[in-house]
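**Student:** Right, I'll just put the structure down here and ask away after.
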Amino acid sequence: MKWSEISLKTLRENPADAEMESHRLLVRGGFVKKLAPGIFSYGFFLLRSIRKFENLLREELSQAGCHEILMPMVQPASLWKESGRWPKMTELLKFKNKNNHDFCLGATHEEAVVDFIRNDIKSYRDLPQSVYQIQTKYRDEIRPRFGLMRGREFIMKDAYTFDLDREGALASYERLKEAYNNIFKRLGVDFTVVKADSGAIGGDLSNEFQVLAENGMDEILLCDSCSYSANAEAAPLVLPENTSVWTDVDLEKFETPNLKSIEDLSKALKTPASQLVKTFFVKFQNEKDKWKEACLILPGDREVNLIKAKAVVGATGEVIPLTDEEVLKATGASPGSCGPVDLKMPVYMDKALKFLNSFIVGANQDGYHLKNVVPGRDFNIEDEADLSQVGAGDPCPECGKKLKLSRGIEVGHIFYLGQKYSKSMNLQYLDDNGKSQFVEMGCYGIGVTRTIQAIIEQNHDDNGICWPTSIAPFHIHICLLDPEDEGLSQWVEVYKNSMQKMGFEVFIDDRKERPGIKFKDADLLGFPLRVVAGKRSFENDEVELFVRSTQNKLKFPLDQALSESKKILEGLGE
Ligand code: ATP
Ligand code: MG
């Protein structure tokens, strides 16, 4: 490919709406063009990376015994109603066709894949099965941001396994986990596998593949002493067993004018936040799709983990914090003066509160608090549970040593689903006794476009991208400094053809631009090896090779250019 043949203009200025370096570089290099928020066109170069990544995925998944299919992006509501997710998945983009029938765009394909396979699975002889696809997904994300990281339309590779029993499904899970490890290793990216929450997809065993990055959207907890690693939203807070010795002093109301936050209260009462009680109100839908409210109490220095809360309160969808007006309506007081005593909703207590002997809580009357409050005596507890977000310094749930906090980008997510979808969508087989059994499933996603941006986030410098060879749009970028010089252009042509014959891909910047501009653009685009071909050095029988990632500059006689280029590229890995 030659620059003069394509309509590519790079940008010197950073786009105003890009908060992440990888997003800025993607825009400045013309890799992506925004069509609407969260919706992008993929340019010449990015598409080549996507295709390479897809082929790597195909190789590894086929090794893992998965077979490729392609399911529709447009799906009928009936399938989603069958699984029960039609009213619950807030990211579905729903619409009607001309006949007034409900449809949505595929946000994920569990429903579609069950429908694809269910008529073909009759007996135990038809299992196990594993399929995958590489397809565009649409999720109506509330806040698309960071370019391809959180898009509305994006490419995902999703695989699904179908097994006879739990044992088989867990073996499939391990097989796919291994394939994922191979995929991210081959990409040449620094990643870690963490325990995860299974979110809207369901199931009870789940891991995420996280690319480590300072600006990552996810918090990851790692233990240096053992190998524990988890997404912070999924890490349990494991504290030593403790039972409070509750005070027998009567509760007492006292004035706290203008004390609205835990911080205010802590200062005024000269009591550390950890000894105070934070009250948090949420609403959610239960199994009968009824809206309910609940009160969560936890130590004043801890944050609520709404994902844990979801399981604790038995919500079927998202758990949503109450607004200030809703709190006022439910308690008669403004947030800051609310507490668990005399509430008309269930109260869930964080286990970490069992280290106190009595509570100081809001009195549900503006400007007042209560002290010497004892759970069970002064208010009812619906349940004691783990409701807190775990952070740096908290004990590792496995070895008890202190956890460290890192940031990452979730690029892959695998789930053991069990019978969640086979039950709701009636995917059964006859076992060897002729008895009907539900199929055991797993599902496995990799965000293709997100992973590519995550790789850029990890592999760039101040001047631009440093593509790993595995998915670089081209291996070689020739800066042809004097395109009108016939001898030089001919040499470049021969070099290009010979490198291509060896399997390397070559891009030629043949624009009539100054060398400085060409070098800046080559830095920005970031292909692994740059060849600087100028008239003067050509006449001196010399060519410059420049390694983008190390900035290493080497000069060779022209007849060594091919062999040295090959050596360098092979040294850079796949
Ligand atoms: P997140 O927590 O980041 O919203 P998710 O857990 O909802 O993601 P999954 O349902 O696990 O996502 O999807 C599988 C993979 O698809 C993710 O690991 C991620 O790489 C990718 N992905 C999910 N949502 C997006 C998005 N909005 N834009 C780009 N890629 C995405
Ligand atoms: Mg996920």
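Throughout, read-outs are computed from the coordinates displayed, never taken from laboratory work. Quantities reported herein were computed from a predicted structural model and do not represent experimental measurements. All Cβ positions, even for glycine, are placed from backbone atoms using ideal geometry, and neighbour counts span all protein chains on display.
**Student:** Filter the cross-link list Lys9/Lys535; Lys9/Lys98; Lys260/Lys344; Lys34/Lys520 down to pairs whose alpha-carbon distance in this structure exceeds 31 Å.
**Tutor:** Values: Lys9/Lys535 25 Å; Lys9/Lys98 41 Å; Lys260/Lys344 22 Å; Lys34/Lys520 23 Å.
Violating the 31 Å Cα-Cα cut-off are Lys9/Lys98.
**Student:** Helix-only estimate, please: 222 nm mean residue ellipticity of the chain, summing -39500 (n - 2.57) across DSSP H runs of length 4 or more and dividing by its residues, to the nearest 500.
**Tutor:** Rounded to the nearest 500, the figure is -8000 deg cm²/dmol.
**Student:** Put a dot 7 Å past each Cα toward the Cβ at Lys401 and Ser498; how far apart are the dots in nm?
**Tutor:** 5.4
**Student:** Given 20 °C and 1.002 mPa s, compute D for region 455-574 with the Stokes-Einstein relation, Rh being the Kirkwood radius over Cα pairs; round to the nearest whole µm²/s.
**Tutor:** Values: Rh = 14.2 Å.
In µm²/s, the coefficient is 150.
**Student:** If you don't mind, there's one more thing I want to ask. Semi-axes of region 1-159's equivalent ellipsoid from the Cα gyration tensor, sqrt of 5 times each eigenvalue, largest first, rounded to whole Å?
**Tutor:** Working: eigenvalues 229, 98, 33 Å².
Semi-axis lengths for region 1-159 are 34, 22, 13 Å.
**Student:** Now for a separate question. Per 10 Å bin from zero, what fraction in whole % of the C-alpha pairs of region 97-162 is there, up to the bin with the longest pair?
**Tutor:** Percent of Cα pairs in each bin: 17, 36, 29, 15, 3.
**Student:** For region 368-384, just list the computed ³J(HN,Hα) in residue order, Karplus coefficients 6.51, -1.76 and 1.60, θ = phi - 60°, integers in Hz, with x standing in for Gly and Pro.
**Tutor:** Computed from phi, the couplings for region 368-384 are 9, 10, 10, 10, 6, 7, 10, x, x, 8, 9, 7, 8, 10, 5, 6, 9 Hz.
**Student:** Stretched out fully, how many nm does the piece from Lys34 to Lys329 gain, at 0.36 nm a residue minus the Cα gap?
**Tutor:** Details: separation 295, 0.36 × 295 = 106.20 nm, distance 4.30 nm.
Working it through step by step, the gained length comes to 101.9 nm.
**Student:** On to the next question. Return the sequence-ordered ³J(HN,Hα) values of region 11-26 in whole Hz as given by the Karplus equation 6.51 cos²θ - 1.76 cosθ + 1.60 applied to θ = phi - 60°, using x for Gly and Pro.
**Tutor:** So the Karplus estimates, Gly and Pro as x, are 10, 7, 8, 6, x, 5, 8, 9, 8, 10, 4, 4, 5, 4, 5, 4 Hz.
**Student:** Run through the DSSP bridge list for region 300-398 and note the antiparallel percent, rounded to the nearest 5. Could you put the intermediate results ahead of the total?
**Tutor:** Details: 4 of 8 bridges.
Counting DSSP beta bridges with both partners in region 300-398, the antiparallel share is about 50 percent.
**Student:** Using Cα pairs under 8 angstrom and six or more residues apart, how large is the relative contact order of region 412-559, in percent?
**Tutor:** Dividing the mean separation by the residue count of region 412-559 yields 20 percent.
**Student:** Given N residues in region 81-120, what is its alpha carbon radius of gyration divided by 2.2 N^0.38 Å? If you can, show how the numbers build up before the last one.
**Tutor:** Values: Rg = 11.4 Å, N = 40, 2.2 N^0.38 = 8.9 Å.
Taking N as the residue count of region 81-120, the ratio is 1.27.
**Student:** With 25 Å as the limit, write out which pairs from Lys185/Lys402; Lys122/Lys288; Lys270/Lys308; Lys195/Lys308; Lys94/Lys177 have Cα-Cα distances beyond it, or answer none. Walk me through the intermediate numbers first.
**Tutor:** Details: Lys185/Lys402 28 Å; Lys122/Lys288 33 Å; Lys270/Lys308 31 Å; Lys195/Lys308 14 Å; Lys94/Lys177 33 Å.
Exceeds cut-off: Lys185/Lys402; Lys122/Lys288; Lys270/Lys308; Lys94/Lys177.
**Student:** What number, in nm² with one decimal, is the all-direction average of the projected area of the convex hull of the alpha-carbon atoms of region 94-244? Write down the numbers at each step before the final one.
**Tutor:** Details: hull surface 59.9 nm².
Result: 15.0 nm².
**Student:** Given region 353-474 reduced to its alpha-carbon atoms as identical point scatterers, what log10 I(q)/I(0) does the Debye formula return at q = 0.17, 0.23 Å⁻¹?
**Tutor:** Calculated log10 I(q)/I(0) at the listed q: -1.03, -1.28.
**Student:** Going by average Cβ neighbours within 10 Å, how do the peptides 320-331, 248-259, 152-163 rank, with the highest at the top?
**Tutor:** Packing proxy ranking, top to bottom: 152-163, 320-331, 248-259.
**Student:** In percent, what relative contact order does the chain have, based on Cα pairs under 8 Å that are 6 or more apart in sequence? Mind dumping the intermediate values first?
**Tutor:** Numbers: 1199 pairs, mean separation 96.1, N = 574.
Relative contact order of the chain: 17 percent.
**Student:** Another question, then. At 7 Å along the Cα-to-beta-carbon direction for both Thr136 and Phe556, put a label point, then send me their distance in nm to one decimal.
**Tutor:** If labels sit at Thr136 and Phe556, their model points lie 4.2 nm apart.
**Student:** Over the alpha-carbon set of region 529-574, divide Rg by the Kirkwood Rh and report the Rg/Rh ratio to two decimals.
**Tutor:** Looking at region 529-574, the ratio lands at 0.98.
**Student:** Could you pull the Cα extents of region 188-301 along its three principal axes, largest to smallest, in whole Å?
**Tutor:** Here the spans come out as 61, 42, 31 Å, largest first.
**Student:** If you bin the C-alpha pair distances of the chain every 10 Å from 0, what whole percents do you get?
**Tutor:** Histogram of Cα-Cα distances, whole percents per bin: 3, 14, 20, 21, 18, 13, 7, 3, 1, 0.
**Student:** A further question on this structure: Rounding to the nearest 20 debye, state how big the charge dipole of region 23-137 is about its Cα centre with +1 on each Lys and Arg Cβ and -1 on each Asp and Glu Cβ.
**Tutor:** 660
**Student:** Now, a different point. Excluding residues on the same chain fewer than 8 positions from Lys290, give the aspartates and glutamates whose Cα lies under 17 Å from its Cα.
**Tutor:** Filter leaves Glu318, Glu326.
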